[in-house]
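Accompanying notes for the structure given below.
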Amino acid sequence: MSTKPQRPPVSVSRILQYSLALCVVFVLASVCWGLLPFTGYLFSALVFLVAIVLAGLRWSRGPVLMMAVLCALVWNFLFIPPQFTLHIEKPQDVVMFALFFLAALSMGHLTSRLHEREQNEARQQRQTDALLRVAQCSVQAPGASAGLDESLRVIRQITNAERVSLVLSEDGALSSSPDQDRPVMEWCHTHRTAAGRFTEQFPHAHATWFPLGTEQRPLGVIGFHWSRDAVVDRHALQLIESLALQLSLVIGKEKLIAAARRADLLAESERLQRALLDSVSHELKTPIAVIRTALDGLGGSDPWSSEIRTAVMRLQRIVESFLEMTRMESGVLTAQKDWCDLSDVVQAAQEPIIEELKQHPVRLEGAGDLPLLRLDGRLLAQALSNVLHNATIYAPPGAPIELSARMNPGALIIRVRDHGPGLPPGEEERVFDKFYRAPAAPAGGTGVGLAIARGFVRAQGGDLTARTHPDGGAEFTFTLPAETHPV
Amino acid sequence: MSTTQRILIVDDEVQMRRLLRMVLEGRGFTVCEAEQGQQGLQEAAFHRPDAVLLDLGLPDMDGLTALKHLREWSDVPVLILSVRNQEAVKVEALENGADDFVTKPFGTAELLARLHAILRRRYSQQSPVYSVGTLRVDVLHHEATLEGTSLKLTPTEFAVLKVLSQNAGRIVTQNQLIRQVWGAQQASQTEGLRVHINHLRKKLGETGPRIVNEPGIGYRLVEPQ
């Protein structure tokens, strides 16, 4: 980032220095002229030299060097015989003149360089102090925005600006602000270069704008509003650039702190949700476990126990479905892909509904011939199980359920078909809604089974769709992206 | 080995403890109970049970911690009772010394089958021949027969079948299988393992014992019903 400030007009003080130099030479010349009979012409040379040295300590190089040249010429003209000519008679006087000239120029040059260096050092020191103050006040301030306000206040003080405005950017775009210099601000933000008054870009703008942040992460712009007759030179602009950099660090730090706090909150909130789910899960499943074990203990083949058993299995299924649904919707579900044997998955899908499947034999096709596939086996098994269970509800007793699996390049296609009544026309998407029930549907479903199945499939990057098969019955199609193992 | 085996139940739910006691006593076991982890460890040290049923959701200490403490001085068979469905928890328990698990709500038959399996494994002699249903695995002569007919198995397939038969009825995690067949260094052999399991299943056919996969956890060799 560079500033190319406009060259400021030759300052008034410069002209003053030139005039003063002239006056001094005139005064000294007169005084020495008066003293000439008593002191001789060499005396005046030394007087001039001393004057040049002193001038070098106070004035800039230009006036001092001009003074040196002028003194030499005046001394030659007025004092070296023959007087009132620039011609020099005696050869030793020529040498003296030359030496004087040399001495005057060197002294003037050296002392003014010394002066310049002192001024530079003082300026550097002021700059460092300013940066230190800005850094300190941001660290010591009690809160996030307090640090920023304090930094801005210090910056305004250091730079003597009338007003300092800070416009931050979000996602690369500057937030709106009431300033009139909007196009200047945008330009400065996009090109990461200072713009506005006292610079080469938009010199007629109201204020001077500096970019904050880096190329990769722009933070905004800072604007300095000066009084109408203020003069800002190159050094001041450089100082402001370093201050802007310091400020960028402060803002960057505040942003990081805020982001870290948000991340902590999010992690904590997720942890709490998970703990809550675990807790609810435990509370719901324990009494169900007790009922099941007690039922097993009763041993009953009597109709009462039989009814209780059916009901508790259904209750268990509903509770598990709701817990899965909650887990899925609260975002704690992530697909964990691993190499799976599809026959394993299909087997696992049938386990929880083995009772229901007794009435509906599952005919498998193709699952055993496939190579190992990269999927989340547990999620797919659950999804398949839900779809199979749905089929057992709608299919007439004794009718088989057909499950076929095959590979398209890069994708696994599984079809589950039953010989039930099929889907009501137009409802092919609605079956996946929570608590959807087809008209005249038998009871026994959880209401969320298909919604969960679809959620589980989509969590792996696939999809689950349904249609009525042309030959009758409903057909569910699973499409899953899956790598195959080379073996 | 005494004829009455003593089982320690560690579970914070009083109803669960009562029911399990009734089930086990009905099958001829002696039962002692504990409702917290610390108490469970004390009971285990005092009564020296033949097996422990350990619930993972204990109030005072994590079930896993209790298991680790127990394993520091005892190799008593441990059956985990867990309400949580996540495989990671179960795998960790199995890797830390648990012998098997059941997920609540469980069926009593399942619980008893697994309990018997872990008791059998601990107290059977290291024998050269393992029988699981009609399957016979002869480690000494390096051969396996199903219903009398010899099975043609590759050395790796035999090794896998041997491990599963030694632990018949009990879950063997993927890592445990890999370690016992290929050695500790070959930790990333999961795909290879699945391929061998696949081949074994085909060779065992429909009539022999089944290799059941617990998704995300491991395998279990189960006698046909």
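The values are calculated or read from the model by the stated rules, or taken from the named source; none is laboratory data. The structure displayed is predicted, hence computed values, not measured ones. Cβ atoms come from the backbone with ideal geometry, glycine included; neighbour counts cover every protein chain shown. To get the accessible areas, we keep the full protein, side chains included, count just its heavy atoms, and leave off ligands, DNA and RNA. Shrake-Rupley method; radii C 1.70, N 1.55, O 1.52, S 1.80 Å.
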P(r) weight above 21 Å for region A:111-251, C-alpha pairs, percent: 44 percent
Per-residue ³J(HN,Hα) for region B:108-117, Karplus 6.51 cos²θ - 1.76 cosθ + 1.60, θ = phi - 60°, Hz, x for Gly and Pro: 4, 4, 5, 4, 5, 4, 6, 5, 4, 4
Helix A:182-191 vs. chain A, principal-axis angle (Cα, 0 to 90°, nearest 10): 80 degrees
Where only alpha carbons of region A:183-310 are counted, the Rg and the Dmax (Å): 33.4, 104
Spherically averaged projected area of region A:363-487 from its Cα convex hull (nm²): 7.7 nm²
Computed magnitude of the charge dipole of chain B (debye, nearest 20; Cβ of K, R +1, Cβ of D, E -1): 680 debye
Projected area averaged over orientations for region B:150-225, convex hull of C-alpha atoms, nm²: 4.9 nm²
Over 40 Å [Cα-Cα, the protein assembly as shown], rounded percent: 59 percent
Residues of region B:1-70: accessible area per residue with a 1.4 Å probe, Å²: 47 Å²
Residue-normalised accessible area of region A:362-487, given per residue in Å² at a 1.4 Å probe: 42 Å²
With Cα atoms, 0 to 90° folded angle of helix A:12-39 axis to chain A main axis: 20 degrees
Protection-proxy order for peptides B:143-152, A:266-275, A:464-473, each taking the mean of Cβ atoms within 10 Å per residue, highest first: A:464-473, B:143-152, A:266-275
Interface residues, region B:1-35 - accessible area loss of 40 Å² or more versus chain alone, probe 1.4 Å: B:E13, B:M16, B:L19
Residue pairs, from the table A:K285/B:K68; A:K285/B:K90; A:K358/A:K434; B:K162/B:K203; B:K68/B:K90; A:K337/B:K152, whose Cα atoms sit over 22 Å apart: A:K285/B:K68; A:K358/A:K434; A:K337/B:K152
Fraction of accessible area attributable to carbon and sulfur, region B:114-225 (%, probe 1.4 Å): 48 percent
Partner chain coverage, peptide B:212-219 - average Cβ within 10 angstrom: 5
C-alpha center-to-center spacing [region A:44-97, region B:127-162] in angstrom: 119 Å
Cβ crowding within 10 Å averaged over residues, with B:25-32, A:164-171 ranked highest first: A:164-171, B:25-32
Amide H contacts under 5 Å for A:L212, placed H, 5+ residues apart: A:L219, A:G220, A:V221, A:I222
Whole-Hz couplings from phi, Karplus 6.51/-1.76/1.60, listed for region A:72-87; x for Gly and Pro: 4, 5, 4, 4, 4, 5, 8, 10, 6, x, x, 5, 6, 9, 8, 7
A/B buried area, accessible surface, summed, 1.4 Å probe, Å²: 2600 Å²
Distribution of pairwise C-alpha distances over region A:6-142, 5 Å bins, in %: 2, 10, 16, 16, 15, 10, 8, 6, 5, 4, 3, 2, 2, 1, 1, 0, 0
Principal-axis tilt of helix A:234-298 within chain A, Cα atoms, nearest 10 degrees: 10 degrees
Whole-Å semi-axes of chain B's equivalent ellipsoid (Cα gyration tensor): 32, 19, 16
For region A:364-372, 3J(HN,Hα) per residue [Karplus equation, 6.51 cos²θ - 1.76 cosθ + 1.60, θ = phi - 60°, Hz, x = Gly/Pro]: 9, 9, x, 5, x, 8, 7, x, 5
Compactness relative to 2.2 N^0.38 Å, alpha carbon Rg of region A:373-414: 1.38
Fraction of antiparallel bridges per DSSP, chain B only, in percent to nearest 5: 50 percent
Semi-axis lengths, Å, region A:154-193, gyration tensor of Cα atoms, sqrt of 5 times eigenvalues: 21, 11, 11
Once the Cα gyration tensor of region A:219-274 is diagonalised, semi-axes √(5λ) in Å: 42, 11, 5
Shielding by partners - mean other protein chain Cβ count within 10 Å, residues of B:108-117: 1
Ellipticity estimate at 222 nm from DSSP helix runs (n ≥ 4, -39,500 (n - 2.57)) divided over chain A, nearest 500: -19500 deg cm²/dmol
Shielding by partners - mean other protein chain Cβ count within 10 Å, residues of A:290-302: 4
